[in-house]
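Let me begin by presenting the structure, written as structure tokens, before commenting on it.
The values are calculated or read from the model by the stated rules, or taken from the named source; none is laboratory data. Just so it is clear, the structure is predicted and the values come from calculations on it, not from any experiment. Here the Cβ positions follow ideal geometry from the backbone for every residue, glycine too, while neighbour counts run over all protein chains shown.
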Amino acid sequence: MRVYYTPPAPVASVNDVSMNEGNTGTQNMKFTVTLTGDLSQARTVGYVTADGTATAFGGGAGNPDYTHKSGVLNFAPNQSTATVNVPIRGDISGHRSLFDSSKAGRLLGWFHADV
């Protein structure tokens, strides 16, 4: 009898991040993507930003909150983390706002609120 075992593929997760966007300029919001499980082989993880209350294309006001990004992260064998930087634009309307990512449902999600 032979027994073959195939370890399950790793699972990707992303950390929660919050930041004040400021009133002008651009700042990077840094996300850390973590793989857990069997890391003995090279892996790739695709990602894409998704609009929520923050928009990449300006919504009704025509002023984007962040720069849309998508891509592929390449993980070498035994590498467990990689980063994605998403440019966040200052709120030119002068409102003080907060960006917050959410793990629920999407790899990169957004919450944007005037505070």
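Residues that are within 21 Å of Val86 (Cα to Cα), among the β-branched types (Val, Ile, Thr) and in contact with a Lys or Arg (Cβ under 8 Å, 6 or more places away or on another chain): does region 36-51 have at least one?
First, pick out the residues of region 36-51 that are within 21 Å of Val86 (Cα to Cα): 44-51.
Okay, now just the ones that are also among the β-branched types (Val, Ile, Thr), so 44-45, 48-49.
Narrowing the set further to residues that are in contact with a Lys or Arg (Cβ under 8 Å, 6 or more places away or on another chain) leaves 48-49.
Yes, some residue in region 36-51 is within 21 Å of Val86 (Cα to Cα), among the β-branched types (Val, Ile, Thr) and in contact with a Lys or Arg (Cβ under 8 Å, 6 or more places away or on another chain).
Before we move on, is Thr6 of a type in the set (Val, Ile, Thr), part of a loop (DSSP other than H, G, I, E, B) and farther than 20 Å from Thr67 by Cβ?
Working: of a type in the set (Val, Ile, Thr): yes; part of a loop (DSSP other than H, G, I, E, B): yes; farther than 20 Å from Thr67 by Cβ: yes.
For Thr6, the condition - of a type in the set (Val, Ile, Thr), part of a loop (DSSP other than H, G, I, E, B) and farther than 20 Å from Thr67 by Cβ - is met.
When only residues in region 57-90 that are under 29 Å from Pro10 (Cβ atoms) and either at pLDDT below 80 or out of contact with any strand residue (DSSP E or B) (no Cβ under 7 Å at 6 or more places or on another chain) (or both) count, which is surrounded by the most Cβ atoms within 10 Å (Cβ to Cβ)? Don't jump to the end; show me each part of the working.
Taking region 57-90 as the starting set, the residues that turn out to be under 29 Å from Pro10 (Cβ atoms) are 66-88.
From the residues that got through so far, the ones that are either at pLDDT below 80 or out of contact with any strand residue (DSSP E or B) (no Cβ under 7 Å at 6 or more places or on another chain) (or both) too are 76-79.
On the way: Ala76: 10, Pro77: 9, Asn78: 9, Gln79: 13.
Applying the filter and picking the extreme gives Gln79.
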